[in-house]
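Everything on this sheet refers to the single structure shown next.
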Amino acid sequence: MALAQAFLGDPELVLLDLSLPDMDGKQVISAVREWSQVPIVVCSARDDDAEIILALEKGAEWVALFDDDSLAGPDMFAHMLEAWHQQPDAKRI
């Protein structure tokens with residue numbers, strides 16, 4: 001459903017978790033890359049280097065790793081956006 005909405009809505013940024021109920025996040029990256037170059041930021045508690053590298057190879061611009069404590073924090077998205085804006089090629093949103 002979210003993938004269809006992204007396709008129809010022309011998003012400025014995609015925030016994506018690798019652990020999704022219906023589809024692996026890396027599959028979502030591949031699907032989005034078929035029609036868009038929108039920046040994709042992966043937010044994940046997974047710390048497997050191979051998974052992170054594969055997400056980047058498939059087209060994610062940035063991977064933000066979180067542990068259980070930081071995922072529960074109320075300022076998680078503010079911290080993510082702040083870190084994203086510090087990237088040299090980051091699009092301002």
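The values are calculated or read from the model by the stated rules, or taken from the named source; none is laboratory data. Treat the numbers as computed from the prediction; the structure is a model and nothing was measured. Here the Cβ positions follow ideal geometry from the backbone for every residue, glycine too, while neighbour counts run over all protein chains shown. Heads up: the accessible areas ignore ligands, DNA and RNA and are worked out on the full protein's heavy atoms, side chains in. Shrake-Rupley method; radii C 1.70, N 1.55, O 1.52, S 1.80 Å.
Structure above, values below:
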| read-out | value |
| --- | --- |
| Test set (1) open to solvent by 60 Å² or more (accessible area, probe 1.4 Å); (2) touching a helix residue (DSSP H, G or I) at 6+ places or on another chain (Cβ under 9 Å); (3) modelled with pLDDT of 75 or more - Ala50 fails condition number | (2) |
| Test: residue in the range 26-38 that is open to solvent by 80 Å² or more (accessible area, probe 1.4 Å), out of contact with any helix residue (DSSP H, G or I) (no Cβ under 6 Å at 6 or more places or on another chain), under 21 Å from His85 (Cβ atoms) and at pLDDT 85 or above | yes |
| Odd one out for Phe66, checked against (1) out of contact with any Cys (no Cβ under 8 Å at 6 or more places or on another chain); (2) at pLDDT below 80; (3) of a type in the set (A, V, I, L, M, F, W, C) | (1) |
